[in-house]
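Note sheet for the following structure.
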Amino acid sequence: MAEVEGSSPSVPTRACILEKAFKAKEIRTKSVPEVSIKDQIKQLVELQKIDGEVYAFKKDLQEKPAYLADLKNHFEAKKANLKSLEEKSKAIVLQRKSFEGELKSREEEIVKTNAQLSQLKTNKEYQAKINEIEHIKADKSIIEEKILLSYDEVDKVNAEIEKEKAILAEEEKGYLSQKVAIETQIKEIEDKLKVLNSQRSQMTAGVDPANLAMYEKILEKKEGVAIVPIQGHSCGGCFMNTPEQMINEIRMHDHMVSCEMCNRILYLQEEL
């Protein structure tokens, strides 16, 4: 009915309001499609396959640098052992030079003391000087023995050095070979992760945000396994018994059902 100029606008009836509300709800329902729990489960199962690989690769990626560090430490220990032997050889040579200095000093003392013999006037002084010379000669003999032993010792250490050098050369070849192999594997894993992460991004686009958030929270806490099938009457994650009532809930596909023990999302393989 047309409004008369100057009159109050007509008030919508309760029936009109309800009709408009119904139409608005109908439009919203059409614009937001209903999320099927069964389809969501299927998507999460496929996503789990990717995440299982991602988790395994990431774990491997964490372990390889540590293994590489162990190889390096082992090689560095071998190098340190060689360096220790070389330092020992140098120390023996330095000590020998010190002995040779002492030997020369004793020889000079003997010459000097022998020269003093002709100047002595009494037999007592002469005998005392002879005893002094004998003591110097005894010291000289001990020093000569030490010098000879040092030659034997340095020869023995040098033989160990040469042996250790040969071993270290082989160790270095093995270390460098394994280092290259591990670095190559790390690069390959990183490349695979890039591909998997790209696939994952495409796949998560179709998962309801709330379901994805729940899945990823479980994924982080449960070592990369967030959704598992029922095996017999047991959870495929923690292997604890799953009540028949819970299995019936899974079959209904009304909501996501989680294991009461490990909180992983459960599904029935035959239902998919």
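Brief remarks follow.
- Take the Cα of LYS79, step 7 Å toward its Cβ, do the same at GLN202, and the gap between the two points is 4.6 nm.
- FRET efficiency, 1/(1 + (r/R0)^6) with R0 51 Å, evaluated for GLU87 and LYS112 via beta carbons: 0.85
- Taking amide H as placed 1.01 Å from N in the peptide plane, the amide H of TYR267 sits under 5 Å from that of VAL228, ILE230, each at least 5 places away or on another chain.
- In this simple spin-label approximation, ASN158 and TYR126 carry label points 7 Å from Cα along the Cα→Cβ vector, and these lie 4.8 nm apart.
- Calculated FRET value between LYS104 and HIS135, using beta carbons and R₀ = 22 Å, to 0.05: 0.80
- Applying a DSSP loop filter and a limit of 15 other Cβ atoms within 10 Å to the GluC sites (Glu not before Pro) in the range 193-229 leaves GLU223.
- Label-to-label distance for ILE142 and ALA56 is 7.3 nm, based on points extended 7 Å past Cα in the beta-carbon direction.
- Both radii come from the Cα set of the range 208-272: Rg as radius of gyration, Rh as Kirkwood radius; their ratio Rg/Rh reads 0.94.
- The computed semi-axes √(5λ) of the Cα gyration tensor in Å for the structure shown corresponds, within [x] 32, 21, 19; [y] 97, 24, 18; [z] 23, 22, 20, to [y].
- Counted by Cβ distance under 14 Å from LEU272, the other residues give a net charge of 0, where Lys and Arg count +1 and Asp and Glu count -1.
- A simple count of charges around LYS64, restricted to other residues whose Cβ falls under 13 Å of its Cβ and scoring Lys, Arg +1 and Asp, Glu -1, yields -1.
- Cross-link pairs exceeding 24 Å in C-alpha to C-alpha distance, out of LYS194/LYS217; LYS83/LYS156; LYS72/LYS192; LYS104/LYS146, comprise LYS72/LYS192.
- Mean separation of Cα contacts under 8 Å (6+ apart) over length of the range 208-272, as relative contact order %: 31 percent
- Computed over the chain: relative contact order in percent, which uses C-alpha pairs under 8 Å that are six or more apart: 26 percent
- Our helix-only sum for the chain, with -39,500 (n - 2.57) per DSSP H run of n ≥ 4 divided by its residues, gives a mean residue ellipticity at 222 nm of -27500 deg cm²/dmol.
All of the numbers you see were taken from the coordinates with simple rules; none came from a lab. Note that the structure is a prediction, hence the values are computed from the model and not measured. Please note: Cβ atoms are built from the backbone with ideal geometry, for glycine as well, and neighbour counts cover all protein chains shown.
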